[in-house]
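Please read the structure below before turning to the comments.
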Amino acid sequence: MNVLIAYECSGNTRNAFRDLGHNAFSVDLKPSKDDSPYHFTCDALEIMMCHNAIVNEDHWDLIIMHPDCTALAVSGNSTYAKGKPKYHKRVEAICYTTSAFYLAQRCAKSVCMENPVGVLPIKPTQYIQPYEFGHPESKKTGLWLHNLEPLKETDNVKHIFDELPKSEQQRLHWLPPSKDRAEIRSITFQGISKAMAEQWGQA
């Protein structure tokens, strides 16, 4: 399959598909963390529309997209909610993200968009948690799916998660301030990337 992972620089999901033999690429404004030759450092929307030049096909088979959630997540309401200083940034993010999702549907046979609990006007198909895929942590994440079956849990470790202190259950939430905190929080868990590749690799 020809697969595009949009808004990803870690390479986790791209590599999960490539490990199974798929022709997978990633694209982000940032360079890849693993110096992969299968990564484009540019506007993701351009690469979505350039499928012919890249894979010599009329459509990508699958686009998985992880658009920036900074202004969209409910965790940012104190800054981005209506009446707050950066509300205009939330409006811009909603317009951009929904437009990108609909563009992806025109450029690919199947699409998954991933984002945490937020304010997008379209409802996600499902919510998933890392502890359903082998990681005893919490990060409730929505998946908006087009021509894809809901992702099935692969290794539920909720019983381990329940025994951990909150600082470990919500490791990402308790990360100390740093210049790369947002980037670390945005990386897709390896177990989720693997499940996407295994379950959607025949989409």
Grab the Cα-Cα distance for Asp68 and Ser36, subtract it from 0.36 nm times how many residues apart they are, and report the gain in nm with one decimal.
9.4 nm
Selection from Leu72, Met49, Pro31 lying farthest towards where the dipole of segment 2-200 points positive, charges on Cβ
Leu72
With x for Gly and Pro, the residue-by-residue ³J(HN,Hα) of segment 136-146, computed from phi through the Karplus equation 6.51 cos²θ - 1.76 cosθ + 1.60 at θ = phi - 60° and given in whole Hz, is x, 9, 10, 7, 4, 10, x, 10, 9, 10, 10
If you scale each eigenvalue of the Cα gyration tensor by 5 and take the root, what three semi-axes come out for segment 113-161, rounded to whole angstrom and sorted largest first?
22, 13, 6
Which residues does the label zone of Lys140 cover in segment 48-82, counting backbone N under 15 Å from a point 7 Å along Cα→Cβ?
73-77
Would you compute the Debye intensity of segment 2-200 from its alpha-carbon atoms alone, equal scatterers and no solvent, and pass along log10 I(q)/I(0) at q = 0.07, 0.10, 0.15, 0.19 Å⁻¹ to two decimals?
-0.20, -0.42, -0.96, -1.50
Check: segment 2-200 dipole with +1 on Lys, Arg Cβ and -1 on Asp, Glu Cβ, in debye:
900
Which of these, His159, His88, His39, has the largest mean-square fluctuation under a Gaussian network model of the chain (Cα springs below 10 Å)?
His159
In segment 81-117, which trypsin sites (Lys or Arg not before Pro) are in a loop and have at most 13 other Cβ atoms within 10 Å, using DSSP for the loop call?
Lys82
Based on the Cβ-Cβ distance of Asn52 and Lys152, what FRET efficiency does E = 1/(1 + (r/R0)^6) give at R0 = 35 Å, to the nearest 0.05?
0.60
Counting only pairs 8 or more residues apart or on different chains, how many lysine pairs in segment 33-153 have their Cα atoms under 29 Å apart?
26
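Neighbour counts of other C-beta atoms within 10 Å: give me Ile94, Ile122 arranged from fewest to most. List each step's numbers first, then the result.
Values: Ile94 17, Ile122 13.
Fewest-to-most ranking of Ile94, Ile122: Ile122, Ile94.
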When a/c is below 1.5 the answer is rounded, else prolate if a/b is larger than b/c, else oblate, so apply that to segment 54-154 with a ≥ b ≥ c taken from the square roots of the Cα gyration tensor eigenvalues.
oblate
Starting at the first residue of segment 26-35, write each ³J(HN,Hα) from the Karplus equation 6.51 cos²θ - 1.76 cosθ + 1.60 with θ = phi - 60°, in whole Hz, x for Gly and Pro.
10, 8, 6, 5, 9, x, 5, 6, 10, 6
Pop out the ³J(HN,Hα) list for segment 67-80 in order, Karplus 6.51 cos²θ - 1.76 cosθ + 1.60 with θ = phi - 60°, rounded to Hz; leave Gly and Pro as x.
x, 4, 10, 3, 8, 9, 5, 5, 5, x, 4, 5, 10, 10
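Just so you know, all these numbers are worked out from the coordinates, no wet-lab data involved. Keep in mind it's a predicted model, so treat the numbers as computed, not measured. A quick note on method: Cβ atoms are made from the backbone with ideal geometry, for glycine too, and the neighbour counts reach across all protein chains shown.
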